1. Might you check whether a residue that is in a helix (DSSP H, G or I) and more than 14 Å from the chain's Cα centre (by Cα) occurs anywhere in segment 52-75?
2. Across segment 75-111, which residue is modelled with the highest pLDDT among those that are closer than 24 Å to residue 161 by Cβ and surrounded by 18 or more Cβ atoms within 10 Å (Cβ to Cβ)?
3. Residues in segment 91-112 that are over 21 Å from residue 143 (Cβ atoms), free of Cβ contacts under 8 Å to residues at least 24 places away in the same chain and either in a helix (DSSP H, G or I) or under 22 Å from the mean Cα position of the chain (by Cα) (or both): how many?
4. Any residue in segment 131-152 that is in a loop (DSSP other than H, G, I, E, B), at pLDDT 95 or above, under 16 Å from the mean Cα position of the chain (by Cα) and farther than 30 Å from residue 45 by Cα?
5. Residues being surrounded by fewer than 20 Cβ atoms within 10 Å (Cβ to Cβ) and within 8 Å of the chain's Cα centre (by Cα): count how many of those fall in segment 153-180.
6. Tell me the residue from 72, 119 that is buried (at least 17 other Cβ atoms within 10 Å of the Cβ), out of contact with any strand residue (DSSP E or B) (no Cβ under 9 Å at 6 or more places or on another chain) and under 21 Å from residue 165 (Cα atoms), please.
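The values are calculated or read from the model by the stated rules, or taken from the named source; none is laboratory data. The structure displayed is predicted, hence computed values, not measured ones. Note: ideal-geometry Cβ built from the backbone for every residue, glycine included; neighbour counts use all protein chains shown.
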């Protein structure tokens, strides 16, 4: 039994090193592989991808600590929907109009987004001061639990350039496809 345990530990250590290697220089690798990602997402089988997403999403979140990154909060704004605005305003003890005037602007697509980056609710420790009531876009980000990446491929590709979780999941999907 101890021999099998030893082999298992060695295999597990090897897998961990391989996954660590996958995440080394991920931003550079993601930028270099955008064409491959686009081809993959275009031809990927929806059911096959959806079957793998829950496990890959969980695996990615186990390996990547969002609080060490926060690229999404530093470089991009979520959309603030009317229910988001109402909920967050109440949480902050502000009138909705005052909240919008203080923090939001309407972008070229007609969405309410933060006026300036990084997000005004992001602390120096990368914690969100409104986490309990954050916008729905933030709750769902990086959208790896459903078929978002297949339906909105350009956004999934963009997300892979700044979100290590998106990068990791796409890389693992491609790896699984190659290893059929």
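1. First pass over segment 52-75, keeping only residues in a helix (DSSP H, G or I): 52-63, 66-68, 71-75.
With more than 14 Å from the chain's Cα centre (by Cα) added as a condition, the list becomes 52, 55.
Scanning segment 52-75, I find at least one residue that is in a helix (DSSP H, G or I) and more than 14 Å from the chain's Cα centre (by Cα), so the answer is yes.
2. The selected residue is 80.
3. Of all residues in segment 91-112, those over 21 Å from residue 143 (Cβ atoms) come to 91-106, 108.
Narrowing the set further to residues that are free of Cβ contacts under 8 Å to residues at least 24 places away in the same chain leaves 93-103, 105-106, 108.
With either in a helix (DSSP H, G or I) or under 22 Å from the mean Cα position of the chain (by Cα) (or both) added as a condition, the list becomes 96-103.
Residues that pass the stated criteria total 8.
4. So in segment 131-152, the residues in a loop (DSSP other than H, G, I, E, B) come out as 134-135, 141-147, 152.
Next, only the ones that are at pLDDT 95 or above stay: 134-135.
Keeping just the survivors that are under 16 Å from the mean Cα position of the chain (by Cα) gives 134-135.
Filter again for farther than 30 Å from residue 45 by Cα, leaving 134-135.
Yes, because at least one residue in segment 131-152 is in a loop (DSSP other than H, G, I, E, B), at pLDDT 95 or above, under 16 Å from the mean Cα position of the chain (by Cα) and farther than 30 Å from residue 45 by Cα.
5. 0
6. Working: 119 fails: out of contact with any strand residue (DSSP E or B) (no Cβ under 9 Å at 6 or more places or on another chain).
That would be 72, the only listed residue that is buried (at least 17 other Cβ atoms within 10 Å of the Cβ), out of contact with any strand residue (DSSP E or B) (no Cβ under 9 Å at 6 or more places or on another chain) and under 21 Å from residue 165 (Cα atoms).
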